[in-house]
Amino acid sequence: MIQLDNITKTYHTRHGPHTVLDGVNLQVCKGVKVGIIGRNGSGKSTLIRLISGAERPTSGRVWRGISVSWPLAFSGAFQAYLTGLDNLRFICRIYGVSFTNVVPFVQEFSELGSYLREPVRHYSGGMRARLAFALSMAIEFDCFLIDEIIVVGDSRFHEKCRRELFEKRKDRALILVSHDINTIKAHCESASVLHDGKLHSFARVDDAYTFYQASLH
Amino acid sequence: MYNETSFARSVQIQLRVIGALLMREIITRYGRDNLGFLWLFVEPMLFTLFITALWTAAKITHGSNLPIVAFAVTGYSSVLLWRNCANRCVMAIPPNMGLLYHRNVRVLDLFIARILLEIAGATISFVVLATFFTSLGWMELPADIVGVLSGWLFLAWFAAALASIVGALTAYTEVAERLWHPISYILFPLSGAVFMVDWLPSNFQKFVLLLPMVHGVEMLRGGYFGSAVRTHFDIGYLFVACLLMTLLGLALVKDAGLRVEVE
């Protein structure tokens, strides 16, 4: 289980302290798929950064009883001067996973061919995204974090990603953050609404949507 | 329910992360082409060689009968140690921000990896040069290897502590980066690399002996030259200074890690 206890996050801005999250509580059990909906700037990405552990809360605590992924298909950790394979090797070392075991999968899935031996800075945006998605699938986690579903590559590759994540790993927990209710409806069993720094949780996605609609006005 | 990761497990993860960062840093900085990772110590070696040549030409030992090559190699190697460590930790976080999404990578690990690499580079450079000059007959073997070793270890410790303080301060404000460069410039001639404390007037001795690295360099040279030099150092002072700087550095790095705002 993942549990957020009374999380507050305050950023220091030029106009003084700005509280993005104010006493947020959340529980995500193993295998459960939770959506978090909120408007732009409501703190969705901040929440993802705190759950992933990239940033620390100002107060409160994040407890992770199951393994939690980095944000799906995140490419910001790539070292552009290293090859795709060297970046993979680094990820494997960090997570204590055998490099030789996952190379075939990454080669097959990313469809990058010999480009895997080229520095990442020579990749196009689409190639980076494919590598990033392949790396996300190369390391196994109990819970995947998704900060907006980005469409990777063409429709065929998109379908491949969908199958890999939502079918082959349908037993995993998921925290999906989006401003789009349809995405959340398609993948989540329950949903929470992030509004004015507070997180309102609902057992049914429809109820969350009703609340979200009302909060817009 | 808040069962924590055991200490042994934490150590294991941290070693794994630091190892991964080390390899990443080596390949990124030196690549696999031409000399590759040999640059790690070839670069500081070239620095030391140039300085040695310059000091030999300028007869910097001020009329004392100390062998100038050994004087330059011991002196400049110790400068490289603390200066390179600190320089590599300056603004070390921004380019590695994305790595923090891999939860086990912490700001402290970024610093440790860079510090270890610089210490390794400076140490290999020192050993290779000393061996090379000794084989040519331009340098004698050290009089007291334990003295050399402990002086070097203290200097490495000092370098690591200094680097963590300077590196963490640059995470708070870019002003720290701008200030560090002139400060390191001023510290170089004061650091004990270009003089023996004994050569200085006694009121000036007291002043330079406030700088911890001066004690380290004196210890190192005392070990190298033995009774040929009169050294001035206080192990207790150096130890306490390094310890306090390490505590301050760790506290600053921890706090910088809590404040870091990933884009």
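Scanning the range A:3-38 for residues that are surrounded by fewer than 16 Cβ atoms within 10 Å (Cβ to Cβ) and small (Gly, Ala, Ser) returns A:GLY16, A:GLY23, A:GLY31.
For the subset of the range B:188-200 comprising residues that are free of Cβ contacts under 8 Å to residues at least 40 places away in the same chain and assigned to a helix (DSSP H, G or I), which member is surrounded by the most Cβ atoms within 10 Å (Cβ to Cβ)?
Step by step, filter the range B:188-200, then rank; the result is B:VAL197.
For the range B:98-114, residues that are within 11 Å of chain A (Cβ to nearest Cβ) and assigned to a helix (DSSP H, G or I) total 6.
Tell me, yes or no, whether the range B:115-124 has at least one residue that is on the phi > 0 side of the Ramachandran plot and either in contact with an Asp or Glu (Cβ under 8 Å, 6 or more places away or on another chain) or in a helix (DSSP H, G or I) (or both). No: zero hits.
Of the strands (runs of 3 or more DSSP E) lying entirely inside the range A:8-85, those containing at least 3 residues that are under 22 Å from A:ILE181 (Cα atoms) and out of contact with any His (no Cβ under 9 Å at 6 or more places or on another chain) span A:16-28.
Residue by residue, here is whether (1) among the hydroxyl-bearing types (Ser, Thr, Tyr); (2) farther than 21 Å from B:THR52 by Cβ; (3) out of contact with any His (no Cβ under 9 Å at 6 or more places or on another chain) holds:
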site	(1), (2), (3)
B:MET139	no, no, yes
B:ILE145	no, yes, yes
B:LEU153	no, yes, yes
B:ALA163	no, yes, yes
B:VAL166	no, yes, yes
B:GLU174	no, yes, yes
B:PHE188	no, no, yes
B:MET196	no, no, no
B:SER202	yes, yes, yes
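Counting the residues of the range A:86-120 that are in contact with a strand residue (DSSP E or B) (Cβ under 9 Å, 6 or more places away or on another chain), part of a loop (DSSP other than H, G, I, E, B) and crowded, with 19+ Cβ neighbours inside 10 Å gives 0. Could you look through the range A:54-113, keep only residues that are touching a residue at least 40 places away in the same chain (Cβ under 8 Å) and of a type in the set (S, T, N, Q), and pick out the one that is nearest to the other protein chains (Cβ to nearest Cβ)? Per the criteria, the residue is A:GLN79. Would you please list the contacts, defined by Cβ atoms under 8 Å and residues six or more apart or on different chains, that run from a residue in the range B:6-18 that is farther than 21 Å from A:GLY65 by Cβ to a residue that is surrounded by fewer than 16 Cβ atoms within 10 Å (Cβ to Cβ) and of a type outside the set (S, T, N, Q)? Pairs found: B:ARG16/A:GLY96. The set of residues in the range B:106-126 being among the hydrophobic types (A, V, I, L, M, F, W, C), surrounded by fewer than 24 Cβ atoms within 10 Å (Cβ to Cβ) and touching a Ser or Thr at 6+ places or on another chain (Cβ under 9 Å) consists of B:LEU108, B:ILE112.
Per-residue answers, yes or no, for (1) more than 10 Å from chain A (Cβ to nearest Cβ); (2) over 30 Å from B:PRO189 (Cβ atoms); (3) in contact with an Asp or Glu (Cβ under 9 Å, 6 or more places away or on another chain):
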site	(1), (2), (3)
B:ILE26	yes, yes, no
B:ARG29	no, no, no
B:PHE41	yes, no, no
B:THR52	yes, no, no
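Checking B:ARG178, B:ARG230 one by one, the residue that is in contact with a helix residue (DSSP H, G or I) (Cβ under 9 Å, 6 or more places away or on another chain) and among the basic types (Lys, Arg) is B:ARG230 and no other.
Results for (1) touching a helix residue (DSSP H, G or I) at 6+ places or on another chain (Cβ under 7 Å); (2) closer than 30 Å to A:GLY41 by Cα; (3) at pLDDT below 90; (4) not hydrophobic (A, V, I, L, M, F, W, C), shown as yes or no for each residue.
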| position | (1), (2), (3), (4) |
| --- | --- |
| A:ALA73 | yes, yes, yes, no |
| A:GLU108 | no, no, no, yes |
| A:GLU167 | no, no, no, yes |
| A:LYS170 | no, yes, no, yes |
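Report whether or not A:PHE144 is in contact with an Asp or Glu (Cβ under 8 Å, 6 or more places away or on another chain) and crowded, with 19+ Cβ neighbours inside 10 Å. In short, no.
Got at least one residue in the range B:4-23 being touching a helix residue (DSSP H, G or I) at 6+ places or on another chain (Cβ under 6 Å), within 14 Å of chain A (Cβ to nearest Cβ) and β-branched (Val, Ile, Thr)? For the range B:4-23, residues touching a helix residue (DSSP H, G or I) at 6+ places or on another chain (Cβ under 6 Å), within 14 Å of chain A (Cβ to nearest Cβ) and β-branched (Val, Ile, Thr): present. Pairs meeting the criteria (first residue in the range B:110-121 and aliphatic (A, V, I, L, M), second residue not in a helix (DSSP H, G or I), beta carbons under 6 Å, at least 6 apart or on different chains) are B:LEU110/B:ALA92.
The values are calculated or read from the model by the stated rules, or taken from the named source; none is laboratory data. Please read all numbers here as calculations on a predicted model, not as lab measurements. Reconstructed Cβ throughout: ideal geometry from the backbone, glycine too, with neighbour counts over all protein chains shown.
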